[in-house]
Amino acid sequence: MRILTFIKRLGGLKEPALESEFYEEMLQIAERVEKIIIASDSIDLDDYDRNKIGIYNCRTIKIKKLYGISKIIAYVWAVIRNRNSIDLVYVRTFSPPESIALWCARRIFRIRSVLLIPGTWLFEPSTLKNRLFRWIFCRAVYAADRIVLYSPLMIDNIRRYFPRFDERRVRYVHNGVNVRRFRPDLAGYNYVNLSSGDVLLFVGRISRRKGVVELVNAFNIIAREYGSAVLVLAGAGDEEYESRLKRLVKELKLEGRVVFLGPVPNSDVPSLMVSSYVFVYYTLGGEGIPRAILEAMACGVPVVATRVAGIPEAVRDGETGYVVDVGDTELFARRVLELLRDRELRNRMGKAARELVEREFSYDVVIPKLVDVMRECVES
């Protein structure tokens, strides 16, 4: 089986964004198929198995107003150029260039396709641009031969957004994590002076949808009762939102106790995870099963998160951490405080988190299931 897929930035584990994890996933898939061709317009990668992985360089125009259109053309051209040497197109993002490429592959060239929908936020708020993006994504959803969701807990939102959605095409495969790279016995990484406090860690995009303002408000409660707690935020931010967040930190007099790391290379994230006491994730909605949560759990770190989409499948309340309803900032803070104050509880939940990830979310379990979906699609 030969697969064409797309990764926006191809730089291996030095990438600070999800692209590094997508690439790692492709390496795992490549071990189980004949070949994967990765199309990208930003390539900084030299060390890879050329027998298993092909890199297709998509030529785009890097001028802001022309970039999006040129990327759509380049991704569709990647399908055209490789159409006789692939059996399947695999897309795992909402992005319009990938959505249009999948639609063209399936509708025009009759190439089988698998679409993984990683979350359910689907271009909110409802601006004109986001409505257009969602309309484009709908075309991919209705064209794909198989739809992969991380959890059955996502299906209600999918039905709401796609009323003509054929659920017979759905297959459920959990999000996955490399349990050999993310593990509890790593040495902690002093990315900043994290030894000065008991670290609560968030890794993800610093954005409204991720509920980072709400997280800081919860931390304000924690900070008043637990003097050594430090909140570390790792990830790229929406500029306006991040400025608002920093003003809030100043207003709450939390400077020095809320640390903005900015983007962190994925190669450094495992050691950052094991440096933390609790992983905190106050998303407002639209998630599948976030990989950052699974990475923390694989490192033996308990999680406090909001009860959104597939998160409760991983963060099992009272077992591997706690889940709290969106909006209940007070309870969120109380749950974190419970874990900070009780080392034995942290260790017990962290151990259970690691064991659950090994059983249900490791690449060793997840990738064969994903490849089976691809084979089923090609052979049907």
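Data overview
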item	result
Selection from region 148-159 of residues that are among the β-branched types (Val, Ile, Thr) and either over 19 Å from Phe361 (Cα atoms) or assigned to a loop (DSSP other than H, G, I, E, B) (or both)	Ile155, Ile158
Top-ranked residue of region 326-345 - restricted to ones that are in contact with a strand residue (DSSP E or B) (Cβ under 7 Å, 6 or more places away or on another chain) and in contact (Cβ under 8 Å) with a residue 12 or more places away in the chain, ranked as surrounded by the fewest Cβ atoms within 10 Å (Cβ to Cβ)	Val326
Those residues of region 241-286 which are free of Cβ contacts under 8 Å to residues at least 24 places away in the same chain and not acidic (Asp, Glu), in sequence order	Ser243, Lys246, Arg247, Lys250, Lys253, Gly256
Any hit, region 229-236, residues being of a type in the set (Gly, Ala, Ser), crowded, with 16+ Cβ neighbours inside 10 Å and closer than 28 Å to Leu13 by Cα	yes
Filter result for Val304 (without any contact (Cβ under 8 Å) to a residue 40 or more places away in the chain and either farther than 14 Å from Leu201 by Cα or outside the structural domain of Gly235 (by TED's automatic domain parsing) (or both))	no
Residue count for region 222-256, restricted to those that are within 20 Å of Val303 (Cα to Cα), outside any loop (DSSP other than H, G, I, E, B) and under 22 Å from the mean Cα position of the chain (by Cα)	4
Ile37 being over 17 Å from the mean Cα position of the chain (by Cα), modelled with pLDDT of 90 or more, surrounded by 17 or more Cβ atoms within 10 Å (Cβ to Cβ) and within 16 Å of Glu98 (Cα to Cα)	yes
Every residue from region 358-380 that is of a type in the set (Ser, Thr, Tyr) and at pLDDT 95 or above	Ser362, Tyr363
One residue from Ser70, Ser20, Ser42, Ser99 being farther than 25 Å from Cys377 by Cα, among the small types (Gly, Ala, Ser), within 24 Å of the chain's Cα centre (by Cα) and buried (at least 17 other Cβ atoms within 10 Å of the Cβ)	Ser20
Among the residues listed as Ile69, Ile55, Ile37, Ile80, the single one being closer than 24 Å to Asp364 by Cα and either part of a helix (DSSP H, G or I) or in contact with a strand residue (DSSP E or B) (Cβ under 8 Å, 6 or more places away or on another chain) (or both)	Ile37
Failed item, numbered, when Leu66 is tested on (1) under 26 Å from Arg171 (Cα atoms); (2) modelled with pLDDT under 95	(1)
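The values are calculated or read from the model by the stated rules, or taken from the named source; none is laboratory data. Model, not experiment: these values are computed from the prediction. As a convention, Cβ positions derive from the backbone with ideal geometry for all residues, glycine included, and neighbour counts pool all protein chains shown.
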